[in-house]
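S.K.: One structure, pasted below without further comment.
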Amino acid sequence: MEIELPYKIDAHRRLCIKKDLIELSYWIDTLTTINTEIDYSKIIGQQLIKEQSIEVNIQGLRRKNTLVMAMLCKYEKELNAEYEYGKREYNVTRAKEHEKKRDSHTALIKEFTQLKKEIYQKLSKFQRR
(Lines give C-alpha, C1' and ligand atoms only; values in the text may rest on other atoms or scores of the structure.)
Protein backbone atom coordinates (compact mmCIF):
# COMPACT_ATOMS: atom_id res chain seq x y z
CA MET A 1 0.00 0.00 0.00
CA GLU A 2 1.54 3.29 -1.13
CA ILE A 3 1.17 6.44 0.99
CA GLU A 4 -0.46 9.22 -0.95
CA LEU A 5 1.70 12.17 -2.05
CA PRO A 6 -0.02 15.04 -0.14
CA TYR A 7 0.53 13.13 3.12
CA LYS A 8 4.24 12.71 2.35
CA ILE A 9 4.60 16.42 1.56
CA ASP A 10 2.83 17.43 4.77
CA ALA A 11 4.90 15.00 6.83
CA HIS A 12 8.11 16.44 5.33
CA ARG A 13 6.91 20.01 5.93
CA ARG A 14 6.08 19.22 9.56
CA LEU A 15 9.43 17.46 10.05
CA CYS A 16 11.35 20.47 8.71
CA ILE A 17 9.37 22.86 10.90
CA LYS A 18 9.97 20.62 13.93
CA LYS A 19 13.71 20.68 13.18
CA ASP A 20 13.58 24.49 13.02
CA LEU A 21 11.69 24.61 16.33
CA ILE A 22 14.31 22.44 18.03
CA GLU A 23 17.11 24.64 16.74
CA LEU A 24 15.20 27.76 17.72
CA SER A 25 14.79 26.43 21.25
CA TYR A 26 18.56 26.10 21.50
CA TRP A 27 19.02 29.69 20.29
CA ILE A 28 16.55 31.02 22.85
CA ASP A 29 18.25 29.07 25.65
CA THR A 30 21.60 30.49 24.57
CA LEU A 31 20.29 34.06 24.63
CA THR A 32 18.80 33.47 28.08
CA THR A 33 22.22 32.35 29.31
CA ILE A 34 23.85 35.37 27.68
CA ASN A 35 21.38 37.63 29.48
CA THR A 36 22.53 36.20 32.80
CA GLU A 37 26.17 36.70 31.82
CA ILE A 38 25.40 40.27 30.82
CA ASP A 39 24.02 40.86 34.34
CA TYR A 40 27.31 39.67 35.85
CA SER A 41 29.35 41.61 33.30
CA LYS A 42 27.48 44.76 34.26
CA ILE A 43 28.38 44.26 37.93
CA ILE A 44 32.03 43.61 37.02
CA GLY A 45 32.05 46.71 34.83
CA GLN A 46 30.58 48.91 37.55
CA GLN A 47 32.55 47.59 40.51
CA LEU A 48 35.94 46.73 39.04
CA ILE A 49 36.59 48.18 35.62
CA LYS A 50 34.69 51.46 36.08
CA GLU A 51 34.98 52.58 32.45
CA GLN A 52 32.05 54.31 30.83
CA SER A 53 32.76 52.73 27.43
CA ILE A 54 32.47 49.20 28.86
CA GLU A 55 29.22 50.04 30.62
CA VAL A 56 27.80 51.57 27.42
CA ASN A 57 28.81 48.48 25.42
CA ILE A 58 27.22 46.18 27.99
CA GLN A 59 23.99 48.19 27.91
CA GLY A 60 23.95 48.20 24.12
CA LEU A 61 24.45 44.46 24.02
CA ARG A 62 21.66 43.95 26.55
CA ARG A 63 19.31 45.90 24.27
CA LYS A 64 20.33 43.88 21.23
CA ASN A 65 19.92 40.65 23.16
CA THR A 66 16.40 41.70 24.18
CA LEU A 67 15.48 42.60 20.60
CA VAL A 68 16.85 39.36 19.13
CA MET A 69 15.13 37.36 21.88
CA ALA A 70 11.81 39.07 21.09
CA MET A 71 12.27 38.38 17.38
CA LEU A 72 13.04 34.71 18.05
CA CYS A 73 10.07 34.31 20.42
CA LYS A 74 7.77 35.78 17.77
CA TYR A 75 9.29 33.43 15.20
CA GLU A 76 8.73 30.50 17.56
CA LYS A 77 5.07 31.44 17.87
CA GLU A 78 4.76 31.63 14.07
CA LEU A 79 6.47 28.26 13.60
CA ASN A 80 4.25 26.59 16.20
CA ALA A 81 1.14 27.95 14.48
CA GLU A 82 2.44 26.82 11.10
CA TYR A 83 3.28 23.38 12.48
CA GLU A 84 -0.22 22.90 13.89
CA TYR A 85 -2.44 24.67 11.37
CA GLY A 86 -0.46 25.84 8.36
CA LYS A 87 -0.30 24.51 4.86
CA ARG A 88 2.53 26.67 3.52
CA GLU A 89 5.13 24.60 1.68
CA TYR A 90 8.58 24.27 3.24
CA ASN A 91 10.76 25.49 0.39
CA VAL A 92 13.94 27.47 -0.27
CA THR A 93 12.26 30.74 0.66
CA ARG A 94 11.23 29.41 4.04
CA ALA A 95 14.72 27.93 4.61
CA LYS A 96 16.27 31.32 3.80
CA GLU A 97 13.97 32.99 6.37
CA HIS A 98 15.26 30.54 8.96
CA GLU A 99 18.85 31.25 7.94
CA LYS A 100 18.29 34.99 8.47
CA LYS A 101 17.17 34.24 12.04
CA ARG A 102 20.28 32.08 12.51
CA ASP A 103 22.46 34.93 11.22
CA SER A 104 20.93 37.34 13.76
CA HIS A 105 21.63 34.87 16.55
CA THR A 106 25.19 34.22 15.36
CA ALA A 107 25.97 37.94 15.05
CA LEU A 108 24.85 38.52 18.62
CA ILE A 109 26.99 35.62 19.87
CA LYS A 110 30.03 37.08 18.08
CA GLU A 111 29.38 40.53 19.53
CA PHE A 112 29.00 39.07 23.02
CA THR A 113 32.25 37.11 22.65
CA GLN A 114 34.04 40.30 21.60
CA LEU A 115 32.67 42.16 24.62
CA LYS A 116 33.81 39.37 26.96
CA LYS A 117 37.31 39.54 25.45
CA GLU A 118 37.36 43.27 26.06
CA ILE A 119 36.29 42.79 29.68
CA TYR A 120 38.85 40.02 30.23
CA GLN A 121 41.61 42.18 28.77
CA LYS A 122 40.73 44.99 31.17
CA LEU A 123 40.62 42.57 34.11
CA SER A 124 43.94 41.01 33.18
CA LYS A 125 45.64 44.39 33.67
CA PHE A 126 44.68 44.51 37.36
CA GLN A 127 47.37 43.68 39.89
CA ARG A 128 47.00 42.54 43.47
CA ARG A 129 48.34 44.89 46.08
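This table checks each residue for (1) over 30 Å from Tyr90 (Cβ atoms); (2) of a type in the set (A, V, I, L, M).
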site: Asp20; (1), (2): no, no
site: Ser25; (1), (2): no, no
site: Ser41; (1), (2): yes, no
site: Gln59; (1), (2): yes, no
site: Thr66; (1), (2): no, no
site: Leu72; (1), (2): no, yes
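S.K.: Report yes if Asp20 is at pLDDT 95 or above, surrounded by 17 or more Cβ atoms within 10 Å (Cβ to Cβ) and acidic (Asp, Glu), otherwise no.
M.R.: Considered against the rule, which asks whether it is at pLDDT 95 or above, surrounded by 17 or more Cβ atoms within 10 Å (Cβ to Cβ) and acidic (Asp, Glu), Asp20 comes out as yes.
S.K.: Please specify each residue of the stretch 109-129 satisfying the condition of being in contact with a Ser or Thr (Cβ under 9 Å, 6 or more places away or on another chain) and of a type in the set (A, V, I, L, M).
M.R.: Ile109, Leu115, Ile119
S.K.: From (1) surrounded by 11 or more Cβ atoms within 10 Å (Cβ to Cβ); (2) over 30 Å from Asp10 (Cβ atoms); (3) at pLDDT below 95, pick out the condition that doesn't hold for Gln47.
M.R.: Only one criterion is unmet by Gln47, namely (1).
S.K.: Hey, could you check the stretch 87-129 for residues that are assigned to a helix (DSSP H, G or I) and among the acidic types (Asp, Glu) and say which is least open to solvent (accessible area, probe 1.4 Å)?
M.R.: Out of the qualifying residues, it is Glu118.
S.K.: While we're here: Under 9 Å between Cβ atoms, which residue pairs at least 6 apart in sequence (or on different chains) link something in the stretch 90-114 that is within 17 Å of Leu15 (Cβ to Cβ) and of a type in the set (A, V, I, L, M, F, W, C) with a partner that is in a helix (DSSP H, G or I) and open to solvent by less than 70 Å² (accessible area, probe 1.4 Å)?
M.R.: Ala95/Cys16; Ala95/Asp20
S.K.: Considering every residue within the stretch 38-57, establish whether at least one is touching a residue at least 24 places away in the same chain (Cβ under 8 Å), assigned to a helix (DSSP H, G or I) and of a type in the set (Asp, Glu).
M.R.: No, the stretch 38-57 contains no residue that is touching a residue at least 24 places away in the same chain (Cβ under 8 Å), assigned to a helix (DSSP H, G or I) and of a type in the set (Asp, Glu).
S.K.: Still on this structure, please answer the following. Please determine whether any residue of the stretch 58-77 is out of contact with any helix residue (DSSP H, G or I) (no Cβ under 8 Å at 6 or more places or on another chain), within 17 Å of Leu21 (Cβ to Cβ) and acidic (Asp, Glu).
M.R.: no
S.K.: Quick check on my filter: what residues within the stretch 76-86 are aromatic (Phe, Trp, Tyr) and open to solvent by less than 50 Å² (accessible area, probe 1.4 Å)?
M.R.: If the condition is that a residue be aromatic (Phe, Trp, Tyr) and open to solvent by less than 50 Å² (accessible area, probe 1.4 Å), then Tyr83 is the only one that fits.
The values are calculated or read from the model by the stated rules, or taken from the named source; none is laboratory data. Keep in mind it's a predicted model, so treat the numbers as computed, not measured. A quick note on method: Cβ atoms are made from the backbone with ideal geometry, for glycine too, and the neighbour counts reach across all protein chains shown. Accessible surface is based on the protein model in full, side chains and every heavy atom, while ligands, DNA and RNA are left aside. Shrake-Rupley method; radii C 1.70, N 1.55, O 1.52, S 1.80 Å.
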